[in-house]
Amino acid sequence: MGIFEDNKQLEDLDKKYIWHPFTQMRDWLGQKPIIISEGRDCFIKDIYGRWYLDGVSSLWVNIFGHRKKEIDDAIKEQLDNIAHSTLLGLGNVPAIKLAEKLVQIVQKSEDKSQKENPPTPPLEKGGKGGLCKVFYSDNGSTAVEVALKMAFQYWKHRGVDGRNTFVSLNNAYHGDTLGAVSVGGVDIFHKAFGPLLFKTCKSPSPYCYRCELKKKYPDCKLACLDKLEEIFKASSNEIAAMIIEPLIQAAGGMITSPQGYLKGVRELCTKYKILLIADEVATGFGRTGKMFACEHEDVIPDIMCLSKGITGGYMALAVTLATDEIYNAFLGEFKNLKTFFHGHSYTGNPLACAAALASLDLFGKEQVLEHLKGKIEILEAWLKDVLVLQHVGDVRNAGMIAGVELVSDKKTKEPYDWAEKMGWQVAYHAMENGVFIRPLGNVIVIMPPLSISEQNLIQLLKVIKDSIAVVTGN
Ligand SMILES: Cc1ncc(COP(=O)(O)O)c(C=O)c1O
């Protein structure tokens, strides 16, 4: 069979057997699918040998590009020892080393924030403070499930009853498992599951372009925080924790929060003795220009969720970090059932932990964060430039995460009808021109691997701008 017959067969088999996530399969069945067979640096190659710039880091995970030698080698080396053993009742070498390294990195970033940051409720109770315990799982959603269950049970173990709910934001996205969906706020994804979800309180999204409170920043003086305080005031005794995507609500449409918002949330959580869960699944590991988004506003959360970039984008791994105070609340007599009854089969997988260790080493060796400054400047200059286009309503970024919001009418901010698939049309055009991107409705997402060269970044942005202009007719 020739290469083209083989490829055709792969396409047919994909359509016959695979149910793709977040994909209308009827559309998929009517299209010629792109099937990836190889990757190098910031490029991915399809089975016909066409290369695409990976404009969304293989769904926001890739940091150093594909086939990064150091990460490849670390996985191969670990494979010669063992691929997997369980963390339920056993330890494993890479998981231990990685936990130590993660705590060191997180605490280094906390040290900078410590002076600025008011004590958290656990600290007031005399706990040591700081994120120092690592609970492994294997994707962003499970990291969030773990965080929610930990926060909920923490209060129970401290003998505090009634804190049975969570506060989250409109437009929040924390994953697809039902706990994560309960604290989610993107109607298109989440509404259908309403009857299955636990009750949460939703606070306004800090979405300045479409302010729910019809105010304008900075004159608003962060009125969305006043709304949050109203919720806290009314029901602080019922709230176990507030969960937030620090600095940018990613899947909700790359919605960046105005300066001071995140810090304000931390202060309110402290004031009302509510735990703060920072979901850094999308923002962690350098995406925003600092190792963690919380650093931008000197915020130390009580619990932090990390995944995606943790392995450099190689393997499924996640962690939920907690303070000593939270961890200690789970200690007790075996018979008292204070044990945290949660764990997944592939928790702390040694291959994934080895990849993560290699990836974290590269941050130091390649001075990734230092090299981002110039790229962020290029991206921000480009965003200013595309804002001039007739159907670009708003542009937003937090470091190397950016969104371009397309509108049908710039004056009225009228969005394109969802059914028009305008974001997708732009993405298809970009794909025809060698760039892979995946939109969020009308928002074009730009989130390349952090290692992308300036030259490739400029090429990526050029294709996206051209695609927007062609598809929107300007
Ligand atoms: C902030 C945030 N939390 C959680 C998740 C869920 O992660 P996963 O897709 O690995 O379950 C995502 C995924 O995009 C995310 O952006």
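Details
- Straightening the chain between Ala192 and Arg26 buys 57.8 nm, computed as 0.36 nm per residue apart minus the Cα-Cα spacing.
- Residue exposure sequence - Ser182, Ser359, Ser307, Ser235 - by fewest surrounding Cβ within 10 Å: Ser235, Ser182, Ser359, Ser307
- Taking each DSSP H run with n ≥ 4 as -39500 (n - 2.57) and averaging over every residue of the chain yields -12000 deg cm²/dmol at 222 nm.
- Charge-dipole axis of the range 78-365 as Lys and Arg at +1 and Asp and Glu at -1 on Cβ define it, positive-most pick from His344, Leu169, Ala282: Leu169
- Estimated from the Cβ-Cβ distance and a Förster radius of 41 angstrom, the FRET efficiency linking Asp6 and Glu454 is about 0.65.
- Loop trypsin sites (Lys or Arg not before Pro), the range 1-95 (other Cβ atoms within 10 Å of the site Cβ: 16 or fewer; DSSP): Arg50, Arg67
- With 0.36 nm allotted per residue and the present C-alpha distance subtracted, the Leu90-Phe330 stretch has 84.5 nm of extension available.
- Database remark: amide H of Asp279 closer than 5 angstrom to the amide H of Ile244, Glu245, Cys305 (H placed geometrically; neighbours at sequence offset of 5 or more, or on other chains; Pro and chain starts carry no H).
- Aspartates and glutamates whose Cα lies under 15 Å from that of Lys373, excluding same-chain neighbours fewer than 8 positions away: Glu454
- Per-residue Cβ neighbour rank within 10 angstrom, fewest leading, Met291, Met25: Met25, Met291
- Given the chain, longest segment not containing exposed loop chymotrypsin sites (Phe, Trp or Tyr not before Pro) (DSSP; at most 12 other Cβ within 10 Å): 49-340
- Cleavage-rule hits (trypsin sites (Lys or Arg not before Pro)) in the range 306-382: DSSP loop, at most 16 neighbouring Cβ within 10 angstrom: Lys338
- A Cβ-based charge dipole, computed about the Cα centre of the range 78-365 with Lys and Arg at +1 and Asp and Glu at -1, lands at about 360 debye.
- Whichever aspartates and glutamates have a C-alpha closer than 17 Å to that of Lys16, once near sequence neighbours (fewer than 8 apart) are set aside: Glu5, Asp6, Asp27
- With neighbours defined as other Cβ atoms within 10 Å of a residue's Cβ, the residues Glu100, Glu405, Glu267 order from fewest to most as Glu100, Glu267, Glu405.
- Mean separation of Cα contacts under 8 Å, 6 or more apart, over the residue count of the range 1-92: relative contact order %: 17 percent
- When its C-alpha radius of gyration is set against 2.2 N^0.38 Å (N residues), the range 199-333 gives a value of 1.11.
- Applying the criteria of a DSSP loop state and at most 13 other Cβ atoms within 10 Å to the trypsin sites (Lys or Arg not before Pro) of the range 377-474 yields Lys411, Lys413.
- Summed residue charge, Cβ within 14 Å of Val471's Cβ, Lys/Arg positive, Asp/Glu negative: -1
- A simple count of charges around Arg287, restricted to other residues whose Cβ falls under 10 Å of its Cβ and scoring Lys, Arg +1 and Asp, Glu -1, yields +1.
- Set against the 2.2 N^0.38 Å expectation for a compact globular protein, the chain has a Cα radius of gyration ratio of 0.98.
- Lys/Arg +1, Asp/Glu -1 at C-beta; the range 78-365 dipole; positive extreme among Pro218, Asn81, Phe135: Pro218
Where a number appears in this text, it was derived from the coordinates with a stated rule and is not lab data. Bear in mind that the values here come from a model prediction, so they are computed numbers and not experimental data. Neighbour counts run over all protein chains shown; Cβ positions are idealised from the backbone, glycine included.
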